[in-house]
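Here is the structure we will look at.
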Amino acid sequence: MGAWKQTVAAVGIAVGMVGCAGDVTESEPAPRSGVAELVAPNGRNLNGRNLNGRNLNTPELGQLLVSVDLAGARLAEETLSAVRLEGSVFHGVAASGPVSGQAFLGARFTGNLGSGDTVELRVDGIAPGTGADADVWAYRVSYYDAAEALWKPACAAEDGSALDAIPVAGRWDYRQGVPGGGAKVDDAARFTFACEGAAIAKCVRFGYRPWATTADGLSLADHHQACTRMVRADFCGDGTSHTTDGQWVNLHDAVDVQADTEAWLHEAEWDADGARCFTQTTRAAQAVSCPAQPQRGDCGKQAHFQVGTLIMSEVPPAQ
């Protein structure tokens, strides 16, 4: 993986984290709807076990942030129309005309919780992408804690400090151990604030922008989803992670995003639905069995990139 090779990080550690372009300070408004304090992950879910974020996502409290609405976004109490994402940049229309990019500083969005409740979100900082990551914008986002009448980081590290988020169109199924668990759901009306350091954002940083295409015009959306499965070692494709935080993994593909630079042991082949096959050498703490999933004796053969495999993963030899 060259420069992209890294530990598949512990929950909450930022990958290529960028700062914020500005901060919003103002008196605290009444929330659009009350919600209990939200403190830990978008599940421990989609290396790291986490699909997304440490905050606004806590199954223990039943407060899983499953999506964010595009409709109803507001700037200075004005509701915008035609709000959309182009890559990771917001666009919309205000009474004065089109708004986009940095104009969304201070914007409010409505987040949808797994309980059916909603929570108020606010954009407190915007960092445009630069260089090779020019299309990857990062946002500092907070949520309104009605119980304490305070705004708190929507994405937070283990020490509580704020992390950035990358907005990604659509939403994910955060269930575990069931068909469809861990799947990307194409939803034109909603998006995901992907916390830096967790699988969705991590795979964007690896180069698999779901909004981008290869030089040959191939969409990278399925590669991005395959990457979220790979990062979490979701071998059975049911949303269940079979790894622990901080494990090393090398990944490579056939679309010139990630090159194989390590002489490591082959682990698995991946597509958007999970592992197409895997070996006995994995990051799993114990043997993995996926009864409905046939296994190939030639797992890791390069020719499989021509018949459906999107990403291959490798692990270091035992020390």
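Taken together, the values in this text are just the output of simple stated rules run on the coordinates, not laboratory data. None of these values were measured; they are calculated from a predicted model. Neighbour counts are summed over all protein chains in view; Cβ atoms, including those assigned to glycine, are modelled from backbone coordinates with ideal geometry.
Can you tell me the length gained on complete extension of the stretch Ala215 to Gln306, counting 0.36 nm per residue apart and subtracting the Cα distance? It would help to have the intermediate numbers written out before the result.
Details: separation 91, 0.36 × 91 = 32.76 nm, distance 1.72 nm.
Answer, rounded to one decimal: 31.0 nm.
Over region 91-131, what number does the Rg to Rh ratio reach, with both radii from the alpha-carbon atoms and Rh per Kirkwood?
Details: Rg = 13.3 Å, Rh = 12.2 Å.
Computed over Cα atoms, the ratio is 1.09.
Need the C-alpha centroid separation for region 236-261 versus region 146-181, integer Å.
22
For the pair Glu78/Ala95, report the inter-label distance in nm, with labels modelled 7 Å from Cα in the Cβ direction.
0.7
Any number yet on Rg/Rh for region 249-319, C-alpha, Kirkwood?
On the way: Rg = 11.8 Å, Rh = 12.6 Å.
We get a ratio of 0.94 for region 249-319.
What ranking, highest mean first, results for peptides 99-107, 151-159, 71-79 when packing means the other Cβ atoms within 10 Å averaged over each residue?
Numbers: 99-107: 17.6, 151-159: 19.8, 71-79: 13.9.
Descending mean neighbour count gives 151-159, 99-107, 71-79.
Normalise the Cα radius of gyration of region 69-206 by 2.2 N^0.38 Å (N = residues in it) and let me know the number. Mind dumping the intermediate values first?
Numbers: Rg = 15.0 Å, N = 138, 2.2 N^0.38 = 14.3 Å.
Against the compact-globule rule of thumb, the ratio is 1.05.
Projecting each Cα onto the charge dipole of region 255-301 (Lys/Arg +1, Asp/Glu -1 at the beta carbon, about the Cα centre), which of Cys290, Ala268, Val257 comes out farthest on the positive side?
So the residue we want is Cys290.
In bins 5 Å wide, starting from 0, what share of all Cα pairs of region 129-241 does each bin hold, as a percent?
2, 11, 18, 21, 20, 14, 8, 4, 1, 0, 0
How big is the Cα convex hull of region 39-315 in projection, averaged over all directions, in nm²? Before the final figure, lay out each step's value.
Values: hull surface 61.0 nm².
With the hull built on Cα positions only, its mean projection is 15.2 nm².
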